[in-house]
């Protein structure tokens, strides 16, 4: 797709599209016209010619900041499996376009280990980080990018802009909900190392004096395969449990399949609960009880926060917190007496 194609769909001249997309003039078009242009950009999946734009930058000393933003998937394993991240990225990308910027590049943690990482376009100074990075990864990113905003389910101990829905609150509330239904033997499935969702589970178990054995925690990746394998392991151990708390919905989907294969009825035999409230879980049988995370709102907020940082709207690190909400469906019920 070319600028001419965008101009045709938006009903404006190619030169107007060029000025708006390149971001060199804030008065290039009215707000309404700019909206039409960015809508056409999204519809046609148009991206500017990077070589031409780089040449234009080198010829102009007045262009002091890039309108391009990079996106980094910190969760290398599940970034392309868990729809949480795709929804988050799509929401942020739309907001970025609406604000007159372009989400130009996407990378994952695997790129940090490749030689090509050093060849990133140095003119791109702004980065959106999806999922939690560790300290060493963040150090590498901060050396490359001037502006960084992180968005995810963990409150990170770093002085960067953050958009967070506390996953620990979601799991903590889930344990209390199951406890109020009558459950006392509640298992956890998911990652545990540096994972605040696991810490929320442990805090609730401690506060409720459940005194659960270590075997009730099954370490696994946040994927359907991880949930399936973890449930197989849990059942093989012969533990007497009545409920499973999965750290995300993808894990719960795998757990549900394994339970059905072993002829466990949900929720009559085992209650099951997840985190994220993806659209998919509403079409499972039974429909999954899950903690709703406002993913699209978080993506929009992250984009706006990053653009505000780029344009000098704020200087100090900002943290925006979005609450989760437990959505009760068919997969949880009081345990059998």
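So, of the residues in the range 310-335 that are under 21 Å from the mean Cα position of the chain (by Cα) and in a loop (DSSP other than H, G, I, E, B), which turns out to be farthest from residue 281 (Cα to Cα)? Applying the filter and picking the extreme gives 317.
Considering the conditions (1) modelled with pLDDT under 95; (2) within 22 Å of the chain's Cα centre (by Cα); (3) closer than 23 Å to residue 157 by Cα, residue 276 is excluded by exactly one of them, (1).
Let's see how each residue does on (1) surrounded by 16 or more Cβ atoms within 10 Å (Cβ to Cβ); (2) touching a strand residue (DSSP E or B) at 6+ places or on another chain (Cβ under 9 Å); (3) closer than 25 Å to residue 44 by Cα; (4) at pLDDT 90 or above:
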site	(1), (2), (3), (4)
109	yes, yes, no, no
118	no, no, no, no
129	yes, yes, no, yes
145	yes, yes, no, yes
150	yes, yes, no, yes
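The one condition from (1) assigned by TED's automatic domain parsing to the domain that holds residue 313; (2) at pLDDT 95 or above; (3) surrounded by fewer than 23 Cβ atoms within 10 Å (Cβ to Cβ) that residue 179 does not meet is (1). Summed over the range 124-174, the residues that are assigned to a helix (DSSP H, G or I) and touching a residue at least 24 places away in the same chain (Cβ under 8 Å) give a count of 12.
For residue 193, the conditions (1) more than 21 Å from residue 336 (Cβ to Cβ); (2) at pLDDT 95 or above are fulfilled apart from (2). Is there a residue being closer than 30 Å to residue 275 by Cβ, at pLDDT below 75, surrounded by fewer than 17 Cβ atoms within 10 Å (Cβ to Cβ) and not assigned by TED's automatic domain parsing to the domain that holds residue 312 anywhere in the range 45-68? Checked the range 45-68: no residue is closer than 30 Å to residue 275 by Cβ, at pLDDT below 75, surrounded by fewer than 17 Cβ atoms within 10 Å (Cβ to Cβ) and not assigned by TED's automatic domain parsing to the domain that holds residue 312.
Every condition in (1) assigned by TED's automatic domain parsing to the domain that holds residue 281; (2) surrounded by fewer than 19 Cβ atoms within 10 Å (Cβ to Cβ) holds for residue 205 except the one numbered (2).
Among the residues of the range 175-188, count how many are in contact with a helix residue (DSSP H, G or I) (Cβ under 8 Å, 6 or more places away or on another chain), touching a residue at least 40 places away in the same chain (Cβ under 8 Å) and closer than 19 Å to residue 324 by Cα.
Filtering the range 175-188 down to residues in contact with a helix residue (DSSP H, G or I) (Cβ under 8 Å, 6 or more places away or on another chain) leaves 175-176, 179, 185-188.
Then keep just the ones that are touching a residue at least 40 places away in the same chain (Cβ under 8 Å); that gives 175, 185-188.
Imposing the further condition that a residue be closer than 19 Å to residue 324 by Cα reduces the set to 175, 188.
Number of matching residues: 2.
The values are calculated or read from the model by the stated rules, or taken from the named source; none is laboratory data. Since the structure is predicted, the reported quantities are computational estimates derived from the model, not experimental observations. Ideal geometry is used to build each Cβ from the backbone, glycine not excepted, and the neighbour counts take in all protein chains shown.
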